[in-house]
Amino acid sequence: MNGGETRELLDALIGHLEGLRDEGTRWVEVSPGLLGEALGPVSMARGATPAHQAGGLSPSGPARGTSAGGRDRSRERLEPSGAGAGGMPGRVLASIPERPSLEGPAMERGAKVAALDALLAKATACTQCAAIARARRTVVFGVGDVDASLMLVGEAPGREEDQQGEPFVGAAGQLLTKVLVAMGLGRDRVYIANVLKCRPDTPGEAYGNRKPTAEEMATCIPFLFEQVRIVRPRVIVALGGTALEGLLGKQMLSVTRLRGRWTDFCGVPVMPTYHPSYVLRQDTMAIKREVWEDMMAVMDRLGMPISAKQRGYFTKG
Ligand code: URA
């Protein structure tokens, strides 16, 4: 591996760990020996201290025995990364489905409805992810105005969504609805969809969610790409890391680093922000304000007026 590749791998690892942290993970099992082997040369090349001492990973728990491979295993705490805030390249998804072409005039409303109905029929019949298809109750396709200027993209349906057949209707969805109302929008004025159209199966567990695998994302993402092509929004909001990864065709992106910074999907501006579930888990004014600042940037981009009252949301305890 050359220096550039090693650096990219390290960036991807940091992004992955930050993504886990964003999703609520506080501890990961690592082998300091392996970390040293994998990251030591890079740290040296950067003139930095070894990675596990450098802020990205800081050892804080007692050693927890020895792995089967004979290495010491310790508990490492995820702390905010001290790495620079520059671009986060991420790792390219193993198989990147073809991006839609968004050139030419947008479809008429009637044609959009017909195209989305046809796509829904395809999604409903899809069994490519066999285990997920067996476990699902419904296919959660998308909801909202087919002529919406704003599309919001999430990760995958959870339990409530699977039961009701509509994206973002559980606790996270209720928060999302509140955010939309604060923006002066209702759910019927935007279009909401997910990277995965089916709830990722959680074998042996009735509750809980899991992040879709890269393969599941690559299998399902063409449906989302088609939705974007048909609806042709003026702005997309990527809610959380999975949405951003799906749109950009990369893995291990860190929303903590990328939120608030415009990116692009086939010429459509994309604003990454935190997933509402993360906001609910964190429940801090600072995180809510960050999401709100991202939403104000979206409003600005869409030419929506922002009142003084709106500008002040989440500034006071
Ligand atoms: N989380 C998502 O990402 N999507 C949903 O539809 C619900 C929760």
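Rule-based calculations on the coordinates, nothing more; no lab input. Note that this is a predicted model, so its numbers are computed, not measured. Note that we place each Cβ from the backbone using ideal geometry, even for glycine, and neighbour counts take in every protein chain shown.
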Completion exercise
A correct Kirkwood calculation over the Cα atoms of region 194-317 returns a hydrodynamic radius in Å of 15.9
Practice task
Residues in region 136-150, backbone N under 19 Å from the label point at Asp188 (7 Å along the Cα-to-beta-carbon vector): list them, ranges by number please.
Solution key: 142-150
Practice task
Enter the Cα centre distance for the pair region 161-200 and region 249-267, rounded to the nearest angstrom.
Solution key: 20
Fill in the blank from the handout: Of 123-132, 193-202, ordering from highest average Cβ density within 10 Å down gives 193-202, 123-132
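Full extension from Asp264 to Leu280: what is 0.36 nm times the residue separation minus their Cα-Cα distance, to one decimal in nm?
Details: separation 16, 0.36 × 16 = 5.76 nm, distance 2.68 nm.
Separation in residues times 0.36 nm, less the Cα-Cα distance, equals 3.1 nm.
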Fill in the blank from the handout: Heads up, region 178-233 by the C-alpha gyration tensor (a ≥ b ≥ c square roots of eigenvalues; a/c under 1.5 rounded, else a/b over b/c prolate, else oblate) looks oblate
Fill in the blank from the handout: Dividing the surface of the Cα convex hull of region 150-207 by four yields a projected area in nm² of 3.9
Practice task
Please list, in chain and number order, the residues 5+ apart from Val169 or on another chain whose amide H is under 5 Å from its amide H, with Hs placed from the backbone.
Solution key: Glu161
Practice task
Would you mind computing Rg(Cα) / (2.2 N^0.38 Å) for region 275-317, counting N as its residues?
Solution key: 1.21
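In percent, what relative contact order does region 186-317 have, based on Cα pairs under 8 Å that are 6 or more apart in sequence?
Working: 131 pairs, mean separation 24.0, N = 132.
That works out to 18 percent.
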Exercise for the section: Quick one: plug the Kirkwood hydrodynamic radius of region 86-242 (C-alpha pairs) into Stokes-Einstein at 20 °C, 1.002 mPa s, and report D in µm²/s. Expected result: 132
Practice task
Treat every Asp and Glu Cβ in region 88-191 as -1 and every Lys and Arg Cβ as +1, leave all other atoms uncharged, and give the resulting dipole magnitude about the Cα centre to the nearest 20 debye.
Solution key: 280
